[in-house]
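The values are calculated or read from the model by the stated rules, or taken from the named source; none is laboratory data. Because the structure is predicted, anything quoted here is derived from the model rather than measured. Don't worry about glycine lacking a Cβ; one is built from the backbone with ideal geometry, like all the others, and counts go over all protein chains shown. What goes into the accessible areas is simple: the full protein's heavy atoms, side chains included, and nothing from ligands, DNA or RNA. Shrake-Rupley method; radii C 1.70, N 1.55, O 1.52, S 1.80 Å.
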Amino acid sequence: MTDTTHTNSDGISDISIIGAGPAGLFGSFYAGLREMKTEIIDALDEPGGQLTALYPEKFIYDVPGYPKVISRDLVKYLVEQAMMWKPAMHLGVHVQKVIRKDAQTLELVTDKGVHATRSVLICAGVGAFSPKKLPNPEFVPYENKGLYYSVRDKAIFRGKNVLVVGGGDSAVDWALNLKDYARHVTLIHRRDGFRAVQSSVTEMMHSDVEVKTFYELKSVGGNGLVTSATIFDNRTKQETTIPVDGVILTLGFNVDLGPIKNWGLEMVGTRYIKVNRKQETSMPGVYAAGDISAEEGVEPLNLIATAFSQACVAVNFMYQYLNPGSKAFPGHSSEKKL
Ligand SMILES: Cc1cc2nc3c(=O)[nH]c(=O)nc-3n(C[C@H](O)[C@H](O)[C@H](O)COP(=O)(O)OP(=O)(O)OC[C@H]3O[C@@H](n4cnc5c(N)ncnc54)[C@H](O)[C@@H]3O)c2cc1C
């Protein structure tokens, strides 16, 4: 996806965006609209941030202009919109440090090399996240061979016997999502109370999904691929082995801002980079938008709609930062010929 148009003649980008989630992708579009040489860097192998990694198959109902849209489709449209301007998209690259090199230049130190840029937009969301895993090492050989901590493509479960483990929104949503797709869906949860939207729990309870509360996963069996799972009733310890081809574990995520906390930026608490109304951080030339950013004293609304808005604000004030005396307001795109 790399394109040579992302840097100026001196090899330096105008704007480097860390994170290819909704904030980073929409920010990239706006940067292109303002003719800024743009690159996007993401640690994940695919763009989309949380939408791709955590809930690609779910419907989203609160994105302006879409009464409902599947998460994966929204990412596809955002990528298409961002790529209109051919930014450089560096995927599978982890930014470890942002440092000021001189008055005009910042450097992004990554695990794959150093990127020189005039400004940085941090759209790192919740930071690097990884699914919580079962501690038992016997599960490791079956990861992605029938045992999944995240699901990118529900097609792998067509006609299969699926076991969903968990009691939160993801578990219930996956059970509902797969009930008419898989051959049979069983959901086990270690308690009888669910941490999921009540209407979804009610729908699941009235569906064909076989719900077993007070059950936990003990082991999986198979010869390279999962063919069975042994579950147990945590009150009686009685074990049952059921035939399954797919096990989805939705045990939550470990969230780690990782190195970002040590970049010398002012924070709000330990989770958010502090920004002002222009989305400026405490480091000149470095801006932040989306789930990673917060104003002091204002409860953050971590939503896609707010991420879009903040990215738009950030990029336009970054344009003004790079072009002193210019207007932050970009004009109306409807009046441009694109
Ligand atoms: C299950 C679930 C359902 C949701 N449903 C909705 C909904 O219906 N409506 C809604 O509005 N919102 C919803 N959200 C919230 C929404 O997904 C977030 O608000 C949105 O993703 C924030 O976008 P972002 O671009 O700020 O960050 P993210 O989507 O988190 O993207 C950040 C990206 O930055 C990358 N990154 C982080 N650190 C580094 C680094 N050091 N180097 C390189 N890359 C890095 C990450 O890999 C990631 O791809 C939901 C969230 C979840 C978990």
Next item on the list: Holding the Cα-Cα limit at 22 Å, pick out from Lys68/Lys179; Lys261/Lys327; Lys37/Lys112 the pairs that are longer than that.
Entry: Lys261/Lys327
Item checked: Lys, Arg +1 and Asp, Glu -1 on Cβ, resulting dipole of the chain about Cα centre, debye, nearest 20 -> 40 debye
Next item on the list: Pop out the ³J(HN,Hα) list for segment 227-239 in order, Karplus 6.51 cos²θ - 1.76 cosθ + 1.60 with θ = phi - 60°, rounded to Hz; leave Gly and Pro as x.
Entry: 10, 8, 9, 9, 10, 9, 7, 6, 8, 9, 6, 6, 9
Margin query: What does the net charge come to around Phe317 if you take all other residues with beta carbon closer than 12 Å to its beta carbon, with K and R at +1 and D and E at -1?
Written below: +3
Next item on the list: Mind giving me the nanometre distance, one decimal, between the label points for Asp102 and Asn8, set 7 Å out from Cα along Cα→Cβ?
Entry: 1.2 nm
Notebook entry, point to check: Put a dot 7 Å past each Cα toward the Cβ at Tyr181 and Phe329; how far apart are the dots in nm?
Noted result: 4.6 nm
Next item on the list: Determine ³J(HN,Hα), in whole Hz, for all residues of segment 331-338 in sequence, where each value follows from phi through the Karplus function 6.51 cos²θ - 1.76 cosθ + 1.60 and θ = phi - 60°; x replaces Gly and Pro.
Entry: x, 9, 5, 5, 9, 9, 9, 9
Next item on the list: Give, as a single signed number, the net charge of other residues whose beta carbon lies under 12 Å from the beta carbon of Thr213, with Lys and Arg counted +1 and Asp and Glu -1.
Entry: 0
Next item on the list: Given the options Asn161, Asn262, Asn136, state which has the largest fluctuation in a GNM of the chain using a 10 Å cut-off (strictly under) for Cα springs.
Entry: Asn136
Next item on the list: Compare Cys312, Cys123 by solvent-accessible area with a 1.4 Å probe and give them largest first, with all protein chains kept in place.
Entry: Cys312, Cys123
Next item on the list: Using only Cα atoms, find the angle between the long axis of helix 169-178 and the longest principal axis of the chain, and express it within 0 to 90 degrees, rounded to the nearest 10.
Entry: 70 degrees
Notebook entry, point to check: Classify segment 133-251: rounded, prolate or oblate, from the alpha-carbon gyration tensor (a ≥ b ≥ c, eigenvalue square roots; a/c under 1.5 rounded; otherwise prolate if a/b is larger than b/c)?
Noted result: oblate
Next item on the list: Largest first and to the nearest Å, give the Cα extent of segment 46-122 along each principal axis.
Entry: 47, 22, 20
Next item on the list: Would you work out if segment 208-249 is rounded, prolate or oblate? Take a ≥ b ≥ c from the square roots of the eigenvalues of the alpha-carbon gyration tensor; rounded if a/c is under 1.5, else prolate when a/b is larger than b/c, oblate otherwise.
Entry: oblate
Note to self: Let me check against my output: what whole-number percent is the relative contact order of the chain, with C-alpha pairs under 8 Å and at least 6 apart?
What the structure shows: 18 percent
Next item on the list: Grab the Cα-Cα distance for Arg190 and Arg277, subtract it from 0.36 nm times how many residues apart they are, and report the gain in nm with one decimal.
Entry: 26.9 nm
Item checked: For Thr236, solvent-accessible area (1.4 Å; no DNA, RNA or ligand), Å² -> 90 Å²
Item checked: Cut-off under 5 Å, modelled amide H: who pairs with Ile17 long-range -> Glu39, Ile40, Ile41, Leu121
Margin query: Keeping all protein chains in place and using 1.4 angstrom, which order do Ser334, Ser199 fall into by accessible surface area, from largest down?
Written below: Ser334, Ser199
Margin query: If I fit a long axis through the Cα atoms of helix 22-33 and take the longest principal axis of the Cα atoms of the chain, what angle between them do I get, 0 to 90°, rounded to 10?
Written below: 30 degrees
Next item on the list: Return one number: the angle in degrees, 0 to 90 and rounded to the nearest 10, between the long axis of the Cα atoms of helix 71-83 and the longest principal axis of the Cα atoms of the chain.
Entry: 20 degrees
Note to self: Under 14 Å between alpha carbons, and skipping anything fewer than 8 positions from Lys278 in its own chain: which aspartates and glutamates qualify?
What the structure shows: Glu295, Glu296
Next item on the list: Would you mind getting the Kirkwood hydrodynamic radius of the chain from its Cα pairs, rounded to one decimal in Å?
Entry: 21.7 Å
Next item on the list: Scan around Val247 for amide H atoms under 5 Å from its own, H built in the peptide plane at 1.01 Å from N, and keep only partners 5 or more places away or cross-chain.
Entry: Leu147, Tyr148, Leu163
Next item on the list: Could you list which residues have their amide H under 5 Å from that of Leu187, counting only those 5 or more apart in sequence or on another chain, with H placed in the peptide plane?
Entry: Val164, Glu210, Val211, Lys212
Item checked: Rounded FRET efficiency, nearest 0.05, which uses the C-beta distance separating Met205 from Met84 and R0 of 56 Å -> 0.75
Check: Rounded, prolate or oblate: which fits segment 60-167, taking a ≥ b ≥ c as square roots of the Cα gyration tensor eigenvalues, rounded meaning a/c under 1.5, else prolate when a/b beats b/c?
Finding: oblate
Next item on the list: Give the Rg/Rh ratio for segment 226-300, taking Rg as the radius of gyration of the Cα atoms and Rh as the Kirkwood radius, to two decimals.
Entry: 1.36
Check: Setting aside same-chain residues fewer than 8 positions from Lys218, which lysines have a Cα under 19 Å from its Cα?
Finding: Lys132, Lys133, Lys145, Lys237
Checklist line | Theoretical ellipticity at 222 nm over the chain - DSSP helices of four or more residues, -39500 (n - 2.57) apiece, nearest 500 | finding: -6000 deg cm²/dmol
